[in-house]
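In what follows, a structure is listed as structure tokens, so that the remarks can point back to it.
The values are calculated or read from the model by the stated rules, or taken from the named source; none is laboratory data. The structure displayed is predicted, hence computed values, not measured ones. Reconstructed Cβ throughout: ideal geometry from the backbone, glycine too, with neighbour counts over all protein chains shown. All accessible areas refer to the heavy atoms of the entire protein, side chains included, with ligands and DNA or RNA removed. Shrake-Rupley method; radii C 1.70, N 1.55, O 1.52, S 1.80 Å.
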Amino acid sequence: MNRRLFLGSSAAFAVALGSLSAVSAHAAEKAPSGNSVSGEQKADGKIVALPPVEKKGGKPLMQCIMMRRSDHMPGSGALTQAELGGLLFSALGVTSEDGKFGVPTAMNKRKLALYAVLQDGVWQYLPEKHAMQRVLMGDHRARFDGSACILLYAAPSDEKFSAMHVGSMYQNAGLFCASAGLKNCVKYQKCRSLDNELPLPEGWETFISQSVAK
């Protein structure tokens, strides 16, 4: 990326990183390698706290496994804040006092980032706060399949465990969808459509996307 484009995007990048959690700090180790973002798409850094996760109840695990299916066009039925919070927590939530995720990570490597592409922007999940921060303005869902919510799973491209970690994340999210009665589909096509605009550090990329809707 040339110097002019980098300088054009640096202000938005700094705002987006201001309040990230320890997990998000991995994504701030290096400057982003993508293109600059237009004025109307720059991040405002807004942080939204998600509702507390309901950690009891839900369908039994074996029932969720039996019910889990892929729907190639999940649709436009919007998720409630509670459903969105449960979905993000299932994929990358912190489940222990020492900050470990509910999904396994080899050698406790936590170099993972989770984004939700929604109608009102692209939001990064902040696991330690159970909140999300807007990193990109605008509705970008049409770049994927237009579903109500598209999750983007990012990690270092040269880390041999990244694909395994991402797989654990979307499997957990799929089980949550089965329990909550949501449609979902994991997709590789177009999954990197926003990589040049997200605040990803050099060497990181989106490995897969997951579309979710009612």
Taking the solvent-accessible surface of protein heavy atoms with a 1.4 Å probe, what is the per residue accessible area of region 123-204 in Å²? 36 Å²
Tell me the carbon and sulfur percent of the accessible area for region 69-214, rounded to whole percent, probe radius 1.4 Å. 49 percent
Hey, got the dipole for region 132-214? About the Cα centre, +1 on K and R Cβ, -1 on D and E Cβ, debye to the nearest 20? 420 debye
Starting from the Cα of Lys55, move 7 Å in the Cα-to-Cβ direction to define the label point; list residues of region 94-137 whose amide nitrogen is under 19 Å from there. 94-105, 126-132
Burial-style ranking of 69-82, 170-183, 152-165, average other-beta-carbon count within 10 Å with highest first, yields 170-183, 152-165, 69-82
Round to the nearest 10 and report in Å² the accessible area of Met67, as given by a 1.4 Å probe over the protein chains' heavy atoms. 90 Å²
In nm, the gap between the two label points placed 7 Å beyond Cα toward Cβ at Tyr188 and Met62 is 3.4 nm
Distance in nm between Ala106 and Lys214 label points, each 7 Å along Cα→Cβ, equals 4.1 nm
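Calculated FRET efficiency, Ala82 and Ser157, Cβ-Cβ r, R0 30 Å, to nearest 0.05?
Calculated value: 0.35.
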Positive dipole terminus of region 40-110, leading residue within Ala91, Met107, Val48 (C-beta point charges): Met107
Could you work out the relative contact order of region 50-176, using alpha carbon pairs under 8 angstrom and six or more residues apart, expressed as a whole percent? 29 percent
Can you find, among Cys191, Ala131, Leu175, the residue farthest towards the positive end of the dipole of region 100-214? Put +1 on the C-beta of Lys and Arg, -1 on that of Asp and Glu. Leu175
